[in-house]
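Everything below concerns the one structure shown next.
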Amino acid sequence: MVDPDFRDRDGWIWLDGELVPWRDAQLHVLSHGLHYASSVFEGERAYNGRIFKLTEHSRRLIESSEALEFDMPYSVEELDKATQETIQANNLENCYVRPIAWKGSEQMGVINTRARTRVAIAAWAWDYIASEIWEKGLRLCAARFRKASPESFPVTVKAGGLYLVNTLNKNHALREGYDDALVLGSRGKIAESTSANIFLVIDGALHTPIPDCFLNGITRQTVISLANDLGIEVVERDIDVAELARASEVFLTGTAVEMTPVAVIDYEGNSYQFTVGGPVEMRLIGAFRELTGMAARAGSV
Ligand code: PMP
């Protein structure tokens, strides 16, 4: 299968305050964001025309941009409105949404304080996750690289540069025949996968790492609050890889993967196996699908 070229599509992209034809949403090669990774972005998802946790995402985009010292020209309300306009202009109901802010071409050097902050929002159709993933579960291997330490960068924001590591880890996992990688934090504790947060079920309680060196996902926060509502104990703490042996269920959370079960984690000669569609995950997935309005379309896990 040939991958689609994202330049060559019909539709509209919101660029610096207005909707422009998809193919005209261009930027110059001498853009600071391209050379020095000065970009921040979001990944959002609309269910039946409603963007899930839109305001939380718009707020996070602004927080990420502030952490990178951008002058974000739009408020949360303006970003919310622009995002809604973008999906409406493209007649999308179930879709992925990609807002991005980056530093422009007004400066070409390490310093970027005079480069303009540019903002774009694109959206494209994206249907529900294939049910076989829910049935089989994901297989993870050990990542090549750890997360950067919190002393090295504002590592908890959604900055483009941080995805260099995620991409190398994901490429490695797929080359090795896995679906994804288990990434450790700089202190050697479990952190997340290459693009989603991780939860373990141990003795009926949810255990998840403290988000001190990775993104505190909006889906992660949603799952924690659903667990609290359902009376499922949630423990945020440092987790060692060896503790995977005690987990009955493991799942990933994120806008793209929603809540996806993990079947196997192969790590340094150990193969940890987990129940796919276990009781704790099933309860949480049911509640999550109620929230997104997708309960009616849910297949078996
Ligand atoms: N960690 C990383 C590295 C991610 O890319 C994502 C996806 N945005 C997440 C966690 C999950 O975040 P969210 O639930 O906000 O999508």
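Check each of the trypsin sites (Lys or Arg not before Pro) in the stretch 212-278 and keep only those in coil by DSSP with at most 14 other C-beta atoms within 10 angstrom; list them in order. Here the trypsin sites (Lys or Arg not before Pro) that fit, given the DSSP loop and packing criteria, are Arg237. Listed values for the stretch 261-277 are Karplus-derived 3J(HN,Hα) couplings in whole Hz (6.51 cos²θ - 1.76 cosθ + 1.60, θ = phi - 60°), namely x, 9, 8, 9, 10, 9, 9, 6, x, 9, 10, 8, 10, 9, 6, 8, x, and x replaces Gly and Pro.
Only Lys, Arg, Asp and Glu carry charge here, each on its Cβ (+1 for the first two, -1 for the last two); on that basis the chain has a dipole of about 380 debye about its Cα centre. Its Cα centre serving as origin, the stretch 1-99 has a Cβ charge dipole (Lys and Arg +1, Asp and Glu -1) of approximately 300 debye.
Report the GluC sites (Glu not before Pro) located in the stretch 196-252 that are in a DSSP loop and have at most 13 other Cβ atoms inside 10 Å of their Cβ, or state none. For GluC sites (Glu not before Pro) across the stretch 196-252 that sit outside H, G, I, E and B with at most 13 neighbouring Cβ atoms in 10 Å, the list reads Glu233.
For the stretch 131-300, the share of accessible area belonging to carbon and sulfur comes to 51 percent (1.4 Å probe, ligands and nucleic acids excluded). For the chain, the extents of the C-alpha atoms along the principal axes are 54, 43, 40 Å, listed from largest to smallest.
Antiparallel versus total DSSP beta bridges in the chain: what percent is that, nearest 5? Roughly 85 percent of the beta bridges in the chain run antiparallel, per DSSP.
Spatial offset of the stretch 60-80 relative to the stretch 176-227 amounts to 26 Å, using the alpha carbon center of each.
Over all other residues within a Cβ to Cβ distance under 10 Å of Glu258, the charged ones net out to +2, with Lys and Arg as +1 and Asp and Glu as -1. Heavy atoms of the protein chains alone define the surface here; on that basis the stretch 12-125 has 48 Å² accessible area per residue at 1.4 Å probe size.
Between the listed residues Ala295, Ser195, Val250, the Cα displaced farthest toward the positive end of the dipole of the stretch 131-300, a dipole computed from Cβ unit charges relative to the Cα centre, is found at Ser195.
Looking at the stretch 1-107, the trypsin sites (Lys or Arg not before Pro) that sit in a DSSP loop and have at most 16 other Cβ atoms within 10 Å of their own Cβ are Arg7, Arg9.
Amide H contacts of Val20 (H built 1.01 Å from N, in plane; Pro and chain starts excluded): Ile13, Trp14, Leu15 sit under 5 Å, all sequence-distant by 5 or more or on other chains. Report, for the stretch 131-300, the % of DSSP beta bridges that are antiparallel, rounded to 5. That works out to approximately 70 percent antiparallel. Over all other residues within a Cβ to Cβ distance under 9 Å of Glu44, the charged ones net out to +2, with Lys and Arg as +1 and Asp and Glu as -1.
Here the accessible area of the stretch 12-125 is 50 percent carbon and sulfur, with a 1.4 angstrom probe and all protein chains present.
The values are calculated or read from the model by the stated rules, or taken from the named source; none is laboratory data. It should be emphasised that the depicted structure is a prediction, and the values quoted were computed from it without experimental measurement. Neighbour counts are summed over all protein chains in view; Cβ atoms, including those assigned to glycine, are modelled from backbone coordinates with ideal geometry. The accessibility values were calculated without ligands, DNA or RNA, using every heavy atom of the protein model including side chains. Shrake-Rupley method; radii C 1.70, N 1.55, O 1.52, S 1.80 Å.
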